[in-house]
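Data first, discussion second: the structure below is written as structure tokens.
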Amino acid sequence: MKRHTRLVSLLTILLVFLLALSACTPADTTTTTESTTEATTTGTTAPAEPTIVDGIYEDRFTPEGYSEFVNYFNFYPNGIFYLSLYNGGQYMAGYYEVVDMAVEYMPNPEDETEKAMSEQAIVLTNLDGSEYATLAYVDDVIYDLPQLYNHDFNHVLDSGHSSADENGIAIVEFMLGEDDYSLVRLMHNGTFQDTIGAMVEGTWAVDGDVYTLTDADTGEAYTVTLNADGLTAEYVALDGSTETLNLVVESPTLITFTGSNAEAAYGEMVVTIACKEDGTAEMTTEYAGVENKQTGAWVLADDNMSITLTFEEADYVAPINLEDNSFSFELATSDGTADITVDMTTAEAVETVYTWTGESDANVILEMYSDGTCALIYSGMGTVTTGTWTIDTTNQLPAWTLTLAETIDGTDVEVPVESDYATKFYFAFTNSSGQLEATLALSFADYQAAAE
């Protein structure tokens, strides 16, 4: 209380002093006029619109009986993307490009029958350059990721995510000699691991052919410089010692097996096996919205008559089919409820490109296949005859060349294909016995639909 009383007294004295001082000040005789000058404001720059490299693109969902799954894309300015699925249980890195491209997508996740076309797309490729996905990009939303049940990803700018949250994936690797344990691995997120000698970790940057590595513990920098041959590099360590390193190059694929099982419990299972030049084999399984990868080995028999593949200590022998020089075998696996098999083959998948239908009898059709072969089929009789086909599209109307193996005289002949110049292409067919005669047609609309 004493301190409070003393403070009030001091303030009172100070106020009296200031009033007395103002009373002694001469009065201002200047006339004040109203200013007609408009007030000015300092210009401000509007914040730039967010781009694909700002924040992340995120999808969240909670399946029945499970906790929430968070999935996201992170796009880097250098053209690298990082994808994390199922709370980081699966992750990958690759390259991306935003392009002007029309891609069909589902704008309404509640109605899979509703379709629309985008004006832009994001083209995603794996680090080895193979295709991963091409996704519609509309109004800052990424649509229909096939590896995740066609889920959509929305732009989130304030997620708090940083590249340190990601598992480092090597996009460039240098090796000392043939030692798999002596590597400099440059990660997608700007970090590195150096196991040449003592382990060093930190961050990296590149300028031309020079990679500068900065030790996270000491802050010291050293370099790896790519040589003119593009296959070797000069390594200058922190202590000044030097080594010549080899650039690790992805081994090319020599043989590819493909197969699928449409009867799997949770939808079609698609399997691809890439047999690499270095003797490794990479198996990719796409099933129930999930993509799994497994590494094994393969070897071609000395007589070139079979291939042996090994995955998780299980051997599969694929004998050659001399008719088309393809290799095939049955892959044993599980669909989550039972053991199943997937028929694997190196034969190219043949698709039907065009289907011609009998004008007077719809039971007669000719199927043209993607490998240049064709088959004339009569319902109830099966394949009547086979042949080959080509198409020349250099003119306004395509010119077809159709050769069939069974015609009226029993020899391979070229069957004339005509057009009515309004609605269709057509040709007449008569088999060697004269029992089957038909005119088959392909409408302009069906031709254009297949061409798209």
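The values are calculated or read from the model by the stated rules, or taken from the named source; none is laboratory data. The shown structure was predicted, so the numbers you read here are calculated from the model rather than taken from an experiment. Don't worry about glycine lacking a Cβ; one is built from the backbone with ideal geometry, like all the others, and counts go over all protein chains shown. Surface accessibility is based on the protein's heavy atoms, side chains included, excluding ligands, DNA and RNA. Shrake-Rupley method; radii C 1.70, N 1.55, O 1.52, S 1.80 Å.
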Discussion item. Going by what's in this entry, would T423 be described as within 30 Å of E323 (Cα to Cα), surrounded by fewer than 13 Cβ atoms within 10 Å (Cβ to Cβ) and at pLDDT 90 or above?
Written reply: no
Worksheet item: Does E414 meet the test of being of a type outside the set (A, V, I, L, M, F, W, C) and within 17 Å of G259 (Cα to Cα)?
Response: no
Worksheet entry | Scope the stretch 293-314; condition touching a residue at least 12 places away in the same chain (Cβ under 8 Å) and of a type outside the set (A, V, I, L, M, F, W, C); matching residues | Q294, T295, G296, N304, S306, T310, E312
Worksheet item: Going by the structure shown, is I391 free of Cβ contacts under 8 Å to residues at least 12 places away in the same chain and surrounded by 15 or more Cβ atoms within 10 Å (Cβ to Cβ)?
Response: yes
Response to the item:
Listed by first then second residue, the pairs whose first member lies in the stretch 105-124 and is of a type in the set (S, T, Y), whose partner is in a loop (DSSP other than H, G, I, E, B), with beta carbons under 7 Å and at least 6 positions apart or on separate chains, are Y105/S118; S118/A102; S118/V103
Item to complete: Restrict the check to the stretch 343-357 and report whether at least one residue is free of Cβ contacts under 8 Å to residues at least 24 places away in the same chain and over 30 Å from the mean Cα position of the chain (by Cα).
Response: no
Discussion item. Being more than 29 Å from S163 (Cβ to Cβ) and either in contact (Cβ under 8 Å) with a residue 12 or more places away in the chain or surrounded by fewer than 16 Cβ atoms within 10 Å (Cβ to Cβ) (or both) is the requirement here; does A102 meet it?
Written reply: yes
Discussion item. So in the stretch 104-140, with the set limited to residues that are hydroxyl-bearing (S, T, Y) and within 19 Å of F153 (Cβ to Cβ), which one is farthest from the chain's Cα centre (by Cα)?
Written reply: S118
Practice prompt. Please work out if E277 is touching a Leu at 6+ places or on another chain (Cβ under 7 Å), surrounded by fewer than 18 Cβ atoms within 10 Å (Cβ to Cβ) and of a type outside the set (G, A, S).
Written response: yes
Worksheet entry | Single unsatisfied condition, T242 versus (1) more than 30 Å from E173 (Cα to Cα); (2) at pLDDT 95 or above | (1)
Worksheet item: When you look at E330, is it touching an Asp or Glu at 6+ places or on another chain (Cβ under 9 Å) and within 28 Å of Y149 (Cα to Cα), yes or no?
Response: yes
Worksheet item: Any idea how many residues of the stretch 174-184 are surrounded by 16 or more Cβ atoms within 10 Å (Cβ to Cβ) and in a loop (DSSP other than H, G, I, E, B)?
Response: 2
Item to complete: Hey, could you check the stretch 291-347 for residues that are of a type outside the set (D, E, K, R) and out of contact with any strand residue (DSSP E or B) (no Cβ under 9 Å at 6 or more places or on another chain) and say which is most open to solvent (accessible area, probe 1.4 Å)?
Response: L322
Discussion item. Given the options I142, I171, name the one that is buried (at least 17 other Cβ atoms within 10 Å of the Cβ), in a strand (DSSP E or B), touching a residue at least 40 places away in the same chain (Cβ under 8 Å) and aliphatic (A, V, I, L, M).
Written reply: I142
Response to the item:
Within the stretch 73-91, the residues that are in a strand (DSSP E or B) and open to solvent by 30 Å² or more (accessible area, probe 1.4 Å) are Q90, Y91
Worksheet item: Under 7 Å by Cβ, and 6 or more places apart or on different chains, what pairs join a residue from the stretch 54-67 that is touching a residue at least 24 places away in the same chain (Cβ under 8 Å) and under 13 Å from H151 (Cα atoms) with one that is part of a loop (DSSP other than H, G, I, E, B) and open to solvent by less than 80 Å² (accessible area, probe 1.4 Å)?
Response: E58/S159
Worksheet item: For the stretch 359-395, what are the residues that are under 18 Å from K424 (Cα atoms) and small (G, A, S)?
Response: S360, A362
Worksheet item: Within the stretch 52-71, can you find the residues that are within 25 Å of G129 (Cα to Cα) and open to solvent by less than 30 Å² (accessible area, probe 1.4 Å)?
Response: I52, I56, Y57, N71
